[in-house]
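Peer 1: A single structure is presented below for examination.
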Amino acid sequence: MELRQMEYLVALADERQFTRAADVTGVSQSGLSAAIRNLEVELGTKLFTRTTRKVEPTEAGLALLPFARSMLSSATEARDAVVQVSRELAGTLRVGAEQCLGVVDVATLLERFHRRYPRVEIAFTQAGSHELLAGVRDGELDAAFVATTDHVGVLPRTVLGQEPVVMLCPPEHPLASRAAVDRVDLGDESFIDFHPSWAVRRMNDDAFGARGVHRRVRFTVNDVHTLLDLVDRGLGVALVPRHVAAKPQAARLVAVPVAPDGASDWVVSVVTGSERQDSPAPHLMELLADAPACAS
């Protein structure tokens with residue numbers, strides 16, 4: 001059994017879909033599928049049951065899963081321990097992120113960075129993507145995790161992942177039973193959305209504007225959980241990245257796909273600025289490249 005196989009096993013168990021697991025691990029779907037088949041041959045048993053709609057771990061897969069997670073955790077701790085004693089790094093890392101990015105677990109990444117480089121002081125800022133981009137351009141931030149493709153300009157940018165937007169509504173809503181909704185069908189709805197500094201708000205505004213649809217945003221929030229609470233209370237619908245629908249607070253809500261119309265998917269990137277000579281940001285990027293994205 002190899003570490004890479006364990007990484008694929010954990011990703012597939014978490015995502016329950018080959019396409020999304022392949023995106024998370026940065027490998028082709030065929031490569032991930034082949035690795036899982038090889039592992040099953042090596043162990044002499046099926047680890048997953050496969051249907052046209054989803055993938056489920058078997059009892060053997062569930063039994064292996066905690067050991068796979070432990071192996072990956074031990075390997076990460078071993079690498080960090082070696083780096084910590086062999087590479088001294090000090091200074092301040094100034095980093096920012098928009099809330100609830102989904103495709104990257106910023107908190108876990110910063111925890112690893114702190115463990116690996118304990119002498120580096122981390123100055124963290126949470127804000128909307130456009131505000132964070134301004135911070136990078138003005139030299140106030142070394143790196144920012146953002147969810148927009150606008151106003152990036154010439155700043156170095158690495159795309160970490162993307163996903164579609166869905167409409168969230170209570171199960172009793174008239175549109176809850178639809179297979180998909182089109183933005184032109186939502187002109188009469190009341191919306192709950194984020195402050196305009198959030199990338200998803202700008203993306204929603206632009207998408208409706210491009211279709212010539214005027215929408216009413218009745219509630220403007222700065223917190224994902226508040227948005228979910230207001231939707232759950234029937235005060236409006238919300239268009240959010242798909243991962244938001246997987247949050248425990250959204251368990252009662254219905255996620256209806258939005259029909260493709262050329263609008264951008266939710267795209268998450270890390271953007272870096274003109275590096276200070278002593279900036280620890282390149283080491284953060286090294287760590288990010290060494291770890292798979294996390295759709296939490």
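Listed here are the residues, each with its yes/no results for (1) in contact with a Phe, Trp or Tyr (Cβ under 8 Å, 6 or more places away or on another chain); (2) farther than 24 Å from His243 by Cα; (3) free of Cβ contacts under 8 Å to residues at least 24 places away in the same chain.
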{"site": "Glu2", "(1), (2), (3)": "no, yes, yes"}
{"site": "Gln5", "(1), (2), (3)": "no, yes, no"}
{"site": "Ala11", "(1), (2), (3)": "no, no, no"}
{"site": "Asp14", "(1), (2), (3)": "no, no, no"}
{"site": "Asp23", "(1), (2), (3)": "no, no, no"}
{"site": "Ser33", "(1), (2), (3)": "yes, no, yes"}
{"site": "Glu56", "(1), (2), (3)": "yes, no, no"}
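Peer 1: Give the residues of the range 163-200 that are of a type in the set (D, E, K, R) and in contact (Cβ under 8 Å) with a residue 60 or more places away in the chain, sorted by residue number. So that I can check it myself, show each step before the final result.
Peer 2: Applying the first criterion (of a type in the set (D, E, K, R)) to the range 163-200 yields 163, 172, 178, 182-183, 185, 188-189, 193.
The answer is Glu163, Glu172, Arg178, Asp182, Arg183.
Peer 1: What is the one condition in (1) under 19 Å from the mean Cα position of the chain (by Cα); (2) surrounded by 14 or more Cβ atoms within 10 Å (Cβ to Cβ) that Asp223 does not satisfy?
Peer 2: For Asp223, the exception is condition (2).
Peer 1: Further, regarding this structure: Find all pairs meeting these conditions: Cβ atoms under 9 angstrom apart; at least six residues apart or on different chains; first residue within the range 239-260 and within 24 Å of Val184 (Cα to Cα) and modelled with pLDDT of 90 or more; second residue surrounded by fewer than 18 Cβ atoms within 10 Å (Cβ to Cβ) and of a type in the set (Asp, Glu).
Peer 2: Pro241/Asp265; Leu253/Asp232; Val258/Asp182
Peer 1: Taking the options Ala11, Ala78, name whichever one is within 28 Å of Leu110 (Cβ to Cβ), exposed (fewer than 14 other Cβ atoms within 10 Å of the Cβ) and of a type outside the set (Ser, Thr, Tyr). Spell out the reasoning first.
Peer 2: Working: Ala11 fails: exposed (fewer than 14 other Cβ atoms within 10 Å of the Cβ).
From the options Ala11, Ala78, the qualifying one is Ala78.
Peer 1: I need the full set of residues from the range 165-189 which are out of contact with any strand residue (DSSP E or B) (no Cβ under 7 Å at 6 or more places or on another chain), in a loop (DSSP other than H, G, I, E, B), more than 12 Å from Val237 (Cα to Cα) and not acidic (Asp, Glu), in order please.
Peer 2: Ser177, Ala179
Peer 1: So in the range 91-118, with the set limited to residues that are assigned to a helix (DSSP H, G or I) and touching a helix residue (DSSP H, G or I) at 6+ places or on another chain (Cβ under 9 Å), which one is farthest from Ala246 (Cα to Cα)? Step through it out loud before you land on a result.
Peer 2: Going through the range 91-118, the residues assigned to a helix (DSSP H, G or I) turn out to be 106-116.
Checking the rest, the ones that are also touching a helix residue (DSSP H, G or I) at 6+ places or on another chain (Cβ under 9 Å) come to 109-110, 112-113, 115-116.
Details: Leu109: 21, Leu110: 23, Arg112: 25, Phe113: 27, Arg115: 29, Arg116: 31 Å.
Among those residues, the one meeting the criterion is Arg116.
Peer 1: Continuing with this model, one more query. Please work out if Arg252 is part of a loop (DSSP other than H, G, I, E, B) and under 22 Å from the mean Cα position of the chain (by Cα).
Peer 2: On the way: part of a loop (DSSP other than H, G, I, E, B): yes; under 22 Å from the mean Cα position of the chain (by Cα): yes.
Spelling it out, Arg252 is indeed part of a loop (DSSP other than H, G, I, E, B) and under 22 Å from the mean Cα position of the chain (by Cα).
The values are calculated or read from the model by the stated rules, or taken from the named source; none is laboratory data. Just so you know, these numbers come straight off a predicted model, no measurement behind them. No Cβ is skipped: glycine too gets one built from the backbone with ideal geometry, and neighbour counts run over all protein chains shown.
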